[in-house]
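A quick write-up on the structure given underneath.
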Amino acid sequence: MLPNSLENNHSSTRSPSLRPHLAVGKTKDFFSGSFSPPACLRKMAKWGEGDPRWIVEERPDATNVNNWHWTEKNATPWSKDKLKLLLQDFVVAGSGQEAKVVEIEKMDGEATANNRKGKLIFFYEWNIVLKWKGVCDDEDVTGKVTIPNLSEENDIDEVELTVSVDSSNNASEKLKQFMYNIGRDKIRKQLDTYVKQLKQDFAKGLILPKKGEEGSAVKPDKETVFASGFNKQKIELQTVTSEPKTVGVKLDVKTLDVQERFQCRANELYDALTRQDMVTAFTRGHVKLDLFKGGEFVLFGGNVTGKYGEIVPNKKIVQTWRLKQWPSGHFSNVVMELEEREDHTVLKLTQTLIPAAEFEATKANWSRYYWDSIRSAFGFGSFLY
């Protein structure tokens, strides 16, 4: 119980707005029906009059009015079936050669179709490995096509496809080059078909027709493709033409000549330098090797790049070769020659056009990251003399 002084103060400071609007004495009249409601209540619709402000409309998008809320469909099972249908037993033919996808060795990933505010958003990411088989010069050739990242982050023509063969010989190299030059484009077309059908089939039912659109085709406001949660925008740059200018920079260059001996046969050392699995082992990272004339290679996380100029299996490899930190557009020329002797193989390396400022670092890196690493990874041994 509060003291009288506090009770008086408490009652006197009570806000009038907190008091009941209906007096106790009028409760009886209210329940008897004689109570007259305030003007604000009398303006509201009466039951049965059909005031549109109080009618719940029947509309096709009632569960998601104007398609405002996020809705999602799981497209993973459908995608796996579609990719298998498009890729399994797919035949690549052209230029007198033919190869066939005989097995889908790996298919990991997921796909979803989403709607938000009337916009279609597709997420998909797949890691696929295909086994293929062909015949060249009356020899059976087998290999793989690896698609490490089929996703909405890349346009189809940007999707990486790596071609490899299970053995190293002339027939394998010919068919590998065929799969690289022709097979990759044909497989990309199959992947493009998958993406188009994903967007076509899973757009149905995600965008509900709005009021007044019943029976008519529903067109989404926009199709948005997200890359890792962000819009991927294509920026078209305006082409600016100007008078050609000749700019020349004189670069001091040097030549590196090295001989290294390995306790192995020439074909074993050649494989260590050209087979993707073995190069991956001694570089300890993802590599890209397109082993044919004009094919590209990327090693050590993009720090070493170049192209193959000439390839003589088990004997000679010619490359244009550069380090990432070299002046833009500058490449050196690398020639590696293998000579098998009685109990070891000699590798002769000649590298021309090395920037003089990078010469010592380049020489040390060949020794540390190539020769020592190859010996350590494959047990090719070192000589003490």
Assess whether Gly302 counts as being on the phi > 0 side of the Ramachandran plot and either among the small types (Gly, Ala, Ser) or touching a Leu at 6+ places or on another chain (Cβ under 8 Å) (or both).
-> yes
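Quick grid of which residues meet (1) among the β-branched types (Val, Ile, Thr); (2) touching a residue at least 60 places away in the same chain (Cβ under 8 Å):
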| position | (1), (2) |
| --- | --- |
| Ala266 | no, yes |
| Thr274 | yes, yes |
| Ala281 | no, yes |
| Asp290 | no, yes |
| Gly295 | no, yes |
| Gly301 | no, no |
| Glu310 | no, no |
Residues of the range 155-173 that turn out to be without any contact (Cβ under 8 Å) to a residue 60 or more places away in the chain and of a type outside the set (Asp, Glu), as a count = 7
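Matching residues to (1) aliphatic (A, V, I, L, M); (2) within 25 Å of the chain's Cα centre (by Cα); (3) open to solvent by 40 Å² or more (accessible area, probe 1.4 Å):
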| site | (1), (2), (3) |
| --- | --- |
| Leu83 | yes, yes, no |
| Leu86 | yes, yes, no |
| Val92 | yes, yes, no |
| Glu98 | no, no, yes |
| Val101 | yes, yes, no |
| Met107 | yes, yes, no |
| Glu110 | no, yes, yes |
| Asn114 | no, yes, no |
| Leu120 | yes, yes, no |
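Output the number of residues of the range 320-329 satisfying the condition of being open to solvent by less than 20 Å² (accessible area, probe 1.4 Å) and either under 17 Å from Arg375 (Cα atoms) or assigned to a strand (DSSP E or B) (or both). Full working, then the answer.
The first filter runs over the range 320-329 and keeps only residues open to solvent by less than 20 Å² (accessible area, probe 1.4 Å), leaving 321, 323, 326.
Next, from what is left, pick out any that are either under 17 Å from Arg375 (Cα atoms) or assigned to a strand (DSSP E or B) (or both): 321, 323.
Total satisfying the criteria: 2.
Residue-wise test of (1) touching a residue at least 12 places away in the same chain (Cβ under 8 Å); (2) within 17 Å of Lys196 (Cβ to Cβ); (3) of a type in the set (Val, Ile, Thr).
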| residue | (1), (2), (3) |
| --- | --- |
| Ser95 | yes, no, no |
| Lys100 | yes, no, no |
| Lys106 | yes, no, no |
| Ala111 | yes, yes, no |
| Lys119 | yes, no, no |
| Gly134 | yes, no, no |
| Asp140 | no, no, no |
| Gly143 | yes, no, no |
Checking Gly134 against (1) part of a strand (DSSP E or B); (2) small (Gly, Ala, Ser); (3) surrounded by fewer than 19 Cβ atoms within 10 Å (Cβ to Cβ), which test does it fail?
-> (3)
If we keep just the residues of the range 66-95 that are part of a strand (DSSP E or B) and under 25 Å from Asp108 (Cβ atoms), which is modelled with the lowest pLDDT?
-> Glu72
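Could you list all residues from the range 330-346 that are open to solvent by 50 Å² or more (accessible area, probe 1.4 Å) and either within 16 Å of Gly309 (Cβ to Cβ) or not acidic (Asp, Glu) (or both)? I'd like the intermediate steps shown before the answer.
First, the residues of the range 330-346 that are open to solvent by 50 Å² or more (accessible area, probe 1.4 Å): 331, 333, 337, 339-343.
Matches in the range 330-346: Phe331, Asn333, Glu337, Arg341.
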Going by the conditions given, is Leu291 in a loop (DSSP other than H, G, I, E, B) and surrounded by 13 or more Cβ atoms within 10 Å (Cβ to Cβ)?
-> yes
Restricting the search to the range 159-190, which residues are outside any helix (DSSP H, G or I), of a type outside the set (A, V, I, L, M) and within 17 Å of the chain's Cα centre (by Cα)?
-> Glu160, Thr162
Within the range 151-158, is there a residue that is farther than 16 Å from Lys189 by Cβ, in a strand (DSSP E or B) and either open to solvent by 10 Å² or more (accessible area, probe 1.4 Å) or of a type in the set (A, V, I, L, M, F, W, C) (or both)?
-> no
Hits in the range 352-362 - residues which are surrounded by fewer than 16 Cβ atoms within 10 Å (Cβ to Cβ) and of a type outside the set (A, V, I, L, M, F, W, C) = Thr352, Glu360
Return the pairs, sorted by first residue and then second, in which the second residue is open to solvent by 60 Å² or more (accessible area, probe 1.4 Å) and at pLDDT 90 or above, the first residue lies in the range 363-385 and is under 14 Å from Met278 (Cα atoms), the beta carbons are less than 6 Å apart, and the residues are 6+ apart or on different chains.
-> Phe380/Gln263
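Listed residues Leu299, Leu349; which is closer than 22 Å to Ala377 by Cα, open to solvent by less than 50 Å² (accessible area, probe 1.4 Å) and modelled with pLDDT of 95 or more?
Numbers: Leu299 fails: modelled with pLDDT of 95 or more.
Answer to the selection: Leu349.
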Sole residue being of a type outside the set (A, V, I, L, M) and within 19 Å of Ala377 (Cα to Cα), chosen from Thr274, Thr320 = Thr274
Can you pull out the residues in the range 363-380 that are surrounded by 13 or more Cβ atoms within 10 Å (Cβ to Cβ), part of a helix (DSSP H, G or I) and of a type outside the set (Gly, Ala, Ser)?
-> Lys363, Asn365, Trp366, Tyr369, Tyr370, Trp371, Asp372, Ile374, Arg375, Phe378
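The values are calculated or read from the model by the stated rules, or taken from the named source; none is laboratory data. Everything quoted here is computed from the prediction, not taken from an experiment. Here Cβ is always computed from backbone atoms with ideal geometry, including for glycine, and neighbour counts include all displayed protein chains. Just the protein is used for accessible areas: all its heavy atoms, side chains included, with ligands, DNA and RNA removed. Shrake-Rupley method; radii C 1.70, N 1.55, O 1.52, S 1.80 Å.
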